[in-house]
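Chemist: This structure is in C-alpha cells; I'll ask about it shortly.
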Amino acid sequence: MSGYILCQTKKAKIPYYIENISTNVYSLEELCYYFYHNLYLVDESILNEQLCRWLQEELNLPKLAAKLRSLFTRNFSLEEFLYLSLIHISEPTRLDV
C-alpha cells in the first residue's frame, strides 16, 4: 500500500499477508483500510483463525481476537466481523466491557 496511514494501534513486526492482493499489512488500521477499499475481496481466506492469531500475537489485541473468534462458532455476517474491527480503531476500550 502506498501513502500514509495514521495508526493508533501497535505496528506488527511480522505482517499479515493478504494473498489475494499479495500485500502485507502491519497494523489494524491498514487491515481496515484494505477492508474498506477491497470489500468485494473479503472472504474466509482473510477472515479466519490465522488473522485472529496475528491480531493477538503481533498486535497484542487479545480481546479483539477473542471477540472475532467467537463469531466463528456461528454463522456470522461480514458486517459483524468488520464492525468489531472498525469499532476497535475508533473506541479501543469498547471491547473491554
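The values are calculated or read from the model by the stated rules, or taken from the named source; none is laboratory data. Quick caveat, the model's predicted, so the values are computed rather than measured. Note: areas computed on protein heavy atoms with side chains; ligands, DNA, RNA excluded. Shrake-Rupley method; radii C 1.70, N 1.55, O 1.52, S 1.80 Å.
Chemist: Of everything in region 1-35 that's among the hydroxyl-bearing types (Ser, Thr, Tyr) and assigned to a loop (DSSP other than H, G, I, E, B), which residue is modelled with the highest pLDDT?
Modeler: Tyr26
Chemist: Do you know which of the residues in region 48-92 that are under 20 Å from Asn38 (Cα atoms), open to solvent by 40 Å² or more (accessible area, probe 1.4 Å) and among the aromatic types (Phe, Trp, Tyr) is modelled with the lowest pLDDT?
Modeler: Across region 48-92, the extreme among qualifying residues is Phe76.
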